[in-house]
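Accompanying notes for the structure given below.
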C-alpha cells in the first residue's frame, strides 16, 4: 500500500480484514459462529457526507456483546448484530479520512467501531476525541473508556457513599465492578463483592 509520512493515504483501496457474525448465537458463542473475511475498502468517505474512516488500533471484548448476538433484545439500548456483517464494539482508532467538522485526519478517537482493520462510521457523533496521549491508548477501552465512565459516574454521582459505609459490588470481577470496588476502597468504604464462580474470586 502506498505510504505518506507513515500514514495511510486517503482514497487508497485496501484489503480490510473483518470478524463476521455468521448467524445468531444460541447458548455460548463458538468459534464457528464467526469467521474472518477480507473485503476491499476505499479509505475515503462518500462525497458530501459527514462520515469518517478510521484505522482501528485497539478493540474491546465486553460481556454485553453476547446479548447483541441474539435476535431479540428486550429493553436494550443496543441493536442486535446483523448476521453476515462485522460485529461492533468499543475501540480506539485513528481518523484516516473525515467529512465531519468535528474530526480531522490523524485525530485519535474512542467509541463504537467495527471488529475490522478499517471502519467507515456514518454517524461519528458517538466518537470521543482523545486529548490525552500520555497514557497507553489501550486504557481508553478500560478505565478511560466505557467501563471506567460507567463505574465512575455510577459510584460517585449515583451511589455517592461516604467513608465507613458498606458498598456491595455485584460482578466484582468484571470490567466495571472491579473499578467500582477500587473507587469504594479509595473513599474508605468497606467493600463486599461477588463473582459468578470460584475461579473468578480466586483471580
Could you say whether any residue in region 147-163 is outside any helix (DSSP H, G or I), farther than 30 Å from residue 22 by Cα, out of contact with any strand residue (DSSP E or B) (no Cβ under 6 Å at 6 or more places or on another chain) and assigned by TED's automatic domain parsing to the domain that holds residue 20? no
If you scan region 100-137, which residues turn out to be surrounded by fewer than 14 Cβ atoms within 10 Å (Cβ to Cβ) and in contact (Cβ under 8 Å) with a residue 60 or more places away in the chain? 106, 122, 123
Take the residues in region 178-203 that are in a helix (DSSP H, G or I) and in contact (Cβ under 8 Å) with a residue 24 or more places away in the chain, then tell me which one is surrounded by the fewest Cβ atoms within 10 Å (Cβ to Cβ). 201
Out of all the residues in region 54-61, is one or more assigned to a loop (DSSP other than H, G, I, E, B), loosely packed, with under 12 Cβ neighbours inside 10 Å, touching a residue at least 40 places away in the same chain (Cβ under 8 Å) and in the same structural domain as residue 133 (by TED's automatic domain parsing)? no
Would you be able to tell me the number of residues in region 68-119 that are over 23 Å from residue 17 (Cβ atoms) and in a strand (DSSP E or B)? 0
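The values are calculated or read from the model by the stated rules, or taken from the named source; none is laboratory data. Bear in mind the structure is a predicted one, so any value in this text is a computation, not a measurement. Positions of Cβ are backbone-derived with ideal geometry, glycine not excepted, and every protein chain shown enters the neighbour counts.
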